[in-house]
Amino acid sequence: MNDTPGWASPGSAPSDGQKPDQSGPAEPTDRPGPAQPADQPAQPGQTPQDPGPQWSKEQPPPAQWSAPSGPAVPGQAPPPPPPGPGGWGTPPPGGQGPGGYGPAGRPGHGAPGGWGSGWGGPPPAAKPGVIPLRPLGVGEILDGAVSTMRTYWRTVLGISLTVAVLTEVIVVLFQGLVLDDSSTDALNDPSATLSELTRAMGDAMLSSTVVFVISLVGTVIATALLTTVTSRAVLGKSVTIGEAWRDARPQVFKLFGLICLLLLITAGIVTVGSLPGIIVGVTVNGGAGVALTVLGIIGAGIVALWLMIRFSLASPALMLEKQGIKKALIRSAKLVQGTWWRIFGIQLLATLIASVVASIIVIPFTLLAAALSGDGLTGWLNTGAGGLGWTFLIISGIGSVIGSMITFPITAGVTVLLYIDQRIRREALDLELVRAAGVQGHGSPAPGATPGS
């Protein structure tokens, strides 16, 4: 196992092909030797099988042997008492050693909060990075995403700012240069002809498609890089932007293909769901067709949502396990199985938080841009016609850059930590992460101890 983001291959287990050391119980150190050497004859009245003269013929029953009682020998500590009814709950004589270890070297026998009668739970999980290496709660997942951004802010904000600036510059130049002379204003003109409306709708769709593709490329690159950063942050290891890019670069095109495939699946499901209503509306009855179309879109939306959550962990599986698109989808489906509602709730909560944060930042910039350009704020609210001026595009673009710089790490971090949490719950990935982080005293039994004891 190494410290690269693809910590362990799926399904691997540290105990594969290994068996715990089988060793018989240790012989007591005070057990006497053979009753009688072989070259000496037996004493009168004594058989070879009888114990020697130093032992009584009346031996205690098996498994109930205890040290013989008698007067204490000067200079020698009294023997420890046998375990009471509580088992290992009785503290050993002389107290405990450092770290709650008794003389027998076993942790927490009888220690307060240890494994004895005073049960206080297991020891705390190792936390080499932004999360404890154990199954996570909702708050810990959200806090881990924010902690990654706060602890490694130079790398995280550097990646987010670079991607957001490049994306927004391309969008602003496209909208300002290519769409400046378009006929989209006809959509707000009641007297526009059918040909003008058709052209305006075509320009609007072209603008939306190009902006969406540019934003999608930026999101893919940011997700790929931030996935690498978050995976290292779990191990408590920093990574530079160059290192993150070198690690993520071989998988970027696969990640882009994965996201495009998911978008095509969603569009196909919605199309199939709405197609019967459209056919009925065109051929039979317009009112019935509209109702059937609405029902079909609602049903298709539910199916699409179910699939998107089921495949929501495919992105980190593809990046961290170096999987192909098909295997990443299968891995995500297996990890999400049985916990769909939990992952849906966490993803929804993260999306709402990111949307609120983005709105708090973007809306003031948009209002300011509208007030300083075109017909002012009132004209922009009434018609939206002054929206493509350079002043509006630049000021609103600055707000978009700041919003993306903050929301990129939250959404990407939550997805990666959800993936890690599911692998910890299903595949004991925490043991692999402990070894990769080099944490001592966690994830491996004590020397000489039998696994599972």
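A short reminder: the numbers here are calculations on the coordinates, not readings from a lab. Keep in mind that this is a model prediction, so the values were computed, not measured.
Just to be sure I follow: if Rg is taken over the C-alpha atoms of the range 226-306 and Rh is the Kirkwood radius over the same atoms, what is Rg/Rh?
On the way: Rg = 21.4 Å, Rh = 15.8 Å.
The Rg/Rh ratio comes out at 1.36.
According to the square roots a ≥ b ≥ c of the eigenvalues of the Cα gyration tensor, what is the shape class of the range 312-361, taking rounded for a/c under 1.5, prolate for a/b larger than b/c otherwise, and oblate for the remainder?
On the way: a/c = 4.45, a/b = 1.76, b/c = 2.54.
Taking the square roots of the gyration eigenvalues as a ≥ b ≥ c, the range 312-361 is oblate.
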